[in-house]
Amino acid sequence: MKQLIFICLLLPYVICAQQSAELTEEKQGILTYYNQNPIDINEASAAELLAMGILQNQQIASFIEHRKHVGKFLSLYELQTIPLWDIPTLRAIQTLFICRINPPCWHVAENTKQQLILRIERTLEQKNGFSPTTTRSKVRFTGNPYNTLFRYRDTWNSHLRAGILSSKDAGEQHYHDFTSAFVELKDTRGNFKLILGDFINQWGQGLVQSGSFSLGKSYESIRATQKFHGGAMAYTSSGESEFYRGINIQATFHQLQVQGFFSSRNKDLILSKDSSYFRSFQFDGLHRTATEIGQQNRLKELGTGIHLRYQGKKMEWSIAQTITRWNYPFMPSNPLDWRGNVLMNTSLSYIRQFGNVRLSGEVAHAAPKAWASIHAMSWAINKKTDVSGIIRVYQSSYFSPMANAISESSNNKNEWGLFIGHQYQRSKYQRISSYIDLFRFPRASSSQWASEKLGWELLSRFQWDRRKQGQYFAQLKWTHKNLTSPTSPHDLYQGSIDWHKPLYRFEWHGRIMWSHIQSHVQKESGYLWLNDIEYHIKRFKIQMRTAWIWSGSYDTRLYAYEPSLPFAFLLPAYYDPSTRNLCLIEYKGLKQVSIALKIARTDYFQKEVIGSGLDAIAASHKTDVGLQVAYIP
């Protein structure tokens, strides 16, 4: 009876992370990860639960207290007995959690789960790189115009899992142009973990190692100001750059956790004219032309690191150190940046809990003399009100290739900042969120930022959620920046209104967005209006979108999550006067096999050529087609 009640409550609201239109864009990536890597409720820590971005502090505390007194869960259905875990919470987490009982020895199969995804995509219009050569242009792509992906994962039991991924980009020769694999072995109590193959690390506040998805600045101010220790994690993404390849071992002895890793891998590299150094790291992973193929795997990187973590009842601290060596020296064009071929990063991080107040921070050092620090506070004043803050100071010569702490620029360097966030639950259905971020760049950057000028970013958001009547939000954002360009200083104003509403047998999602940039030499606006319709009929799910875009240039671009093939995440920038229409059809057959087809077309009003160089299309329209077959039990 308990199972029947639980199923009846949840069945109409089954969600998938990349298909749920009412979810915010920044949460899509996080939920996609946890859909593919669900958390065992008998092993989950408070930090892991809060990092998911769904549960409130009081709900997490109630969960931990319940498990402490009752013992191990025997079923996911028991979650409905936890105080403060309401029906909306249960709907949101049902695909993200699993429950394992009395796991077997590591070599004994139990509830073996295999996943297989085959995906192929292409642009129908011909790009210049696929056209015949001419006397003026002889450089062309060496491969076919298809993007392909193969992914296989096998969970042998709660101790052992493995995965392999192989992909290629359009224009690349080989279907295995990029290959990633891992084997992960761990015990059920979280005292030991071994990863062979590709992995990432999440340490401290992200100044040295920040391998997981990061919210950055967000209206979810509490979660935006708090990073959590994830330790060693298997790398499961199709991104070709920011991960390690080797061995990672993590062990816990009472309150002390010890982790060490060694990595050896090759990366793409563009050398200087005299072949003695390189200016920047290559992240696109493209190997389409003879020149790009010649740059492949030329940079040899060796990495090693150790992390010590002590967990007390209310205090947690950790010490970390990594050493990275390259076969060529790194010599960026900005003389203020770190330079060399051997980099040593060291950090000390902490977390301290005082009732409803949580303090966290990290102080990091890049040898020989560069420092960075970040200190955060979150305070749950009561059930309705939360406040948070971050102070960050990054010296101009600080550098860590795997860092991803909160910042205004894309790198954690040359920045001072103060972030203050606030969230107020006005009623059960209404919430007001806001933040202000003040930032300054102590030294001028030759590439972008002007020195000594104060910039700011203000955001305010109102949400209204009612299960039968829909979900709505309105948001305003103002960013003031001082750049080295002639248009600086400039102000960027952005606004959006979003709604998600049941409409008969359909689900209707709409959004209106506005962007306006203003300076003494530039005054420009951009607009976006999109409508999504979702319809279910038997085993079919149909999603359609129509978007109208009117933007003067890339400066007034607007971002909005786009429905894509299952287990893919797409957040494109909409700009230039155009329309974009798409249709996504998914068929869920027997035995957990699904087939999905996506067709999307963009028509430009004022363009006769799309793109440039080898990616140029001699047309005013672009059509993208994708097909995916998946087996997900």
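The values are calculated or read from the model by the stated rules, or taken from the named source; none is laboratory data. Just so it is clear, the model here is predicted, and its values are computed rather than measured. Please note: Cβ atoms are built from the backbone with ideal geometry, for glycine as well, and neighbour counts cover all protein chains shown. Accessible surface is based on the protein model in full, side chains and every heavy atom, while ligands, DNA and RNA are left aside. Shrake-Rupley method; radii C 1.70, N 1.55, O 1.52, S 1.80 Å.
Things worth noting here:
- Listed values for region 613-626 are Karplus-derived 3J(HN,Hα) couplings in whole Hz (6.51 cos²θ - 1.76 cosθ + 1.60, θ = phi - 60°), namely x, 6, 8, 5, 10, 7, 6, 9, 9, 9, 10, 10, 10, x, and x replaces Gly and Pro.
- Hull shadow area, averaged, region 452-563 [alpha-carbon convex hull, nm²]: 8.8
- Solvent-accessible surface ranking, highest first, for Lys607, Lys591, Lys267 at 1.4 angstrom: Lys591, Lys607, Lys267
- Under the Karplus curve 6.51 cos²θ - 1.76 cosθ + 1.60, θ = phi - 60°, whole-Hz ³J(HN,Hα) for region 429-441, x wherever Gly or Pro sits: 10, 10, 9, 10, 10, 7, 7, 10, 10, 9, 9, 8, 10
- Gap separating the Cα centres of region 133-164 and region 543-580, nearest whole Å: 25
- Shown for region 345-429 is the translational diffusion coefficient from the Stokes-Einstein equation, using the Kirkwood radius over Cα pairs, a temperature of 37 °C and a viscosity of 0.692 mPa s: 231 µm²/s.
- Descending principal axes extents, region 320-378, alpha-carbon based, whole Å: 50, 22, 15
- Per residue solvent-accessible surface (Å²) - the chain, probe of 1.4 Å: 48
- Packing rank of 387-394, 593-600, 307-314, 400-407, where each peptide gets the mean count of other beta carbons within 10 Å, highest leading: 400-407, 387-394, 593-600, 307-314
- Fraction of accessible area attributable to carbon and sulfur, the chain (%, probe 1.4 Å): 59
- Computed over region 486-633, the percent of Cα pairs more than 25 Å apart is 41.
- ³J(HN,Hα) computed for each position of region 353-358 - Karplus, 6.51 cos²θ - 1.76 cosθ + 1.60, integer Hz, glycine/proline x: 10, 10, x, 8, 9, 10
- Estimated purely from DSSP H runs of n ≥ 4, each contributing -39500 (n - 2.57), the mean residue ellipticity at 222 nm for the chain is -2500 deg cm²/dmol once divided by its residues.
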